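Below you'll find the structure, written out as structure tokens, and then a few comments.
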Amino acid sequence: MERQTRQKQAVMQAIETSGRSLNAAEIWSLAQLEVPSLNLSTVYRQIKTLHDEAQVVRVDLPGQPPRYEAPCHAPRTRGHEHHHHHFHCTGCEQVFPIHGCPGGIERLAPRGFQVQSHDLTLHGHCAACVGA
């Protein structure tokens, strides 16, 4: 059981310390720094367990593999649970959190429609790719 705990901790540490959303291959690469023998199938199992335990959040972007990030513990805003959006770098394919929301999204819906949630993804180049 200790092995599973070490593997799970390595996966969680990779996600928490990255500061961004990671796909399974990125998590595997970072987690192997702690547990060199870790294999990709184990990473998938650990991600599933962590997701089932609500310790990681799945981020889905169209045309991209699922990514995972640590839950955001930012304070509630305007009486609502905190949520955030993402920036997808089309140069290096990394995905970064954007902690903020433009608000007023409801006014974009057709008359008579009720918005229940929304996701916003900005696409462009991150600072590292702009400087490259």
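The numbers here are math on the coordinates, done by the rules we state, and not lab data. Here the structure is a predicted model, which means the values were calculated and not measured. Neighbour counts are summed over all protein chains in view; Cβ atoms, including those assigned to glycine, are modelled from backbone coordinates with ideal geometry.
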- Message: Give me the dipole magnitude in Debye, nearest 20, for the chain about the Cα centre, with unit charges on the beta carbon: positive for Lys and Arg, negative for Asp and Glu.
- Response: 160 debye
- Of Ala54, Ala14, Ala24, which has the largest mean-square fluctuation in a 10 Å C-alpha GNM of the chain? Ala54
- Where does each of 118-124, 95-101 land if you order them by average Cβ count within 10 Å, highest first? 95-101, 118-124
- Principal axis dimensions, the chain - Cα atoms, whole angstrom, descending: 55, 38, 26
- Length-normalised contact order for the chain - Cα pairs under 8 Å, 6+ apart - percent: 21 percent
- Taking only Cα atoms and a 10 Å spring cutoff, compute GNM fluctuations for the chain and point out the largest among Pro110, Pro66, Pro36. Pro110
